1. How large is the dipole of the stretch 4-107 about the Cα centre if only Lys and Arg carry +1 and Asp and Glu carry -1, each at its Cβ, rounded to the nearest 20 debye?
2. In nanometres, what is the gap between the two model label sites at HIS237 and ARG69, each 7 Å from Cα along Cα-to-Cβ?
3. Rounded, prolate or oblate: which one fits the stretch 1-72, using the alpha carbon gyration tensor with axes a ≥ b ≥ c (rounded when a/c is under 1.5, else prolate when a/b beats b/c, else oblate)?
4. Give the shape of the stretch 55-123 as rounded, prolate or oblate, defined through the alpha-carbon gyration tensor: a ≥ b ≥ c are the square roots of its eigenvalues, a/c under 1.5 means rounded, and otherwise the shape is prolate if a/b is larger than b/c and oblate if not.
5. Residue by residue through the stretch 260-276, what is 3J(HN,Hα) from phi via Karplus (6.51 cos²θ - 1.76 cosθ + 1.60, θ = phi - 60°)? Round to whole Hz and write x for glycine and proline.
6. Share of Cα-Cα pairs in the stretch 192-245 beyond 14 Å, in percent?
7. Using label points projected 7 Å from each Cα along Cα→Cβ, tell me how many nm separate THR46 and LEU256, to one decimal.
8. Among SER138, ALA281, VAL201, whose Cα sits farthest toward the positive end of the charge dipole of the chain (+1 at Cβ of Lys/Arg, -1 at Cβ of Asp/Glu, about the Cα centre)?
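Bear in mind that the values in this text are calculations on the coordinates, not laboratory data. Values in this document were obtained by computation on a predicted structure and should not be read as measured data. A quick note on method: Cβ atoms are made from the backbone with ideal geometry, for glycine too, and the neighbour counts reach across all protein chains shown.
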Amino acid sequence: MKTLADRFRRHGRMMPAGLYRTLILAMADDLDSGGVVAEICRDWLTAPSAAIVQLRLLGGLQRLVLQGRAPQLVGFYPNLGGTSSPQDAWPVFEPVLRAHMEELRAALELAPQTNEPGRSVPLLVGIFDAVRRSGLASVRLLEVGASAGLNLLVDRFRIGGADWTSGPADSPVQLLSAVEGPARPVDYRIVSRRGCDLAPVDASTPEGRLRLTSFVWPHDLHRHERLRAALAVVARHPVTVDAAPASSWLASQLALPSTDGVLTVIWHSTTRQYWPLEEIATVDSVLAEARDRMPIAHISMESPVSAADIADRRGHRPAELTVRLSVPGLMADPAPRLLGTVGDHGVPVRLAGDAS
């Protein structure tokens, strides 16, 4: 049976060179030797791989740095302008871990949540497909596993492919050349939007913004830039994210009377793989019943492998963008339609040849 140190080490060896690779490998050695990391993680030594304890700990550390409470570490964080060599990091980080043991132990309770704005790109491509095939240009957008709900603002981001763009030209979020392949843009209008999450993040608060930022890896400067831009958009256009599981929330949302000419879009990204089997079955049942009553497009960006395999870096495959469209009395996809594959953080979207 693999130990927590084994899982740290396996993950670290699969990562690109940089601060997090160096820290995770050093933390694995520290776990084996019964050091400060073993003390912090003492209640998580048998946690499942999908808990990704190493990223919870690194997120807690980055929050300390972002709050200005560990100034000696700033030089190692590229997103804060740091240029120090990761190879020199562990002797500087270890005393900080020791000084904040109780706080970092508490930080392990927070699962990583980044709410990648890049995932709005596959959502938009899915909306294009569903609107074009259904003929319904008014969209009611429902997102499960929405985190802070940033992707509910897909129509307020500037997104583009090789020869097209969609969204406000002056949007702070610019996701251009993000789609590879024959996308066919259409006009659409979001008439309502709402999301749910087991633990929503309130992006209007400093605490919420800190939490989201802390889980973006320090060397991913483009992701930090996208997140900052998306947070600026949501500050001007707040969205509602309810604290609820997907199944009961969808059941209540889909029980509301539908408006003629409106397409209900249910969207989720990199979340279904974490649901219990019972939750998956219940969500599928709720959607099957609703398809008989209203036009529904179920758009998903999900990995074809399990959360445990992803956490252990086994059998990694790109996420798949699928759409299942149903319009009562007109059409019904018998199964999800594969449009293409998607990068880990939503970009790029690589469309299949017949996806358009």
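1. So the dipole magnitude of the stretch 4-107 works out to roughly 300 debye.
2. Inter-label distance under the simple model: 3.5 nm.
3. Note, shape of the stretch 1-72 comes out prolate.
4. It is oblate, given that a/c is not under 1.5 and a/b is not larger than b/c.
5. 4, x, 10, 9, 7, 9, 9, 10, 8, 9, 6, 9, 4, 5, 9, 6, x
6. Percentage above 14 Å: 59.
7. About 4.4 nm separates the two model spin labels.
8. Checked the options; the winner is SER138.
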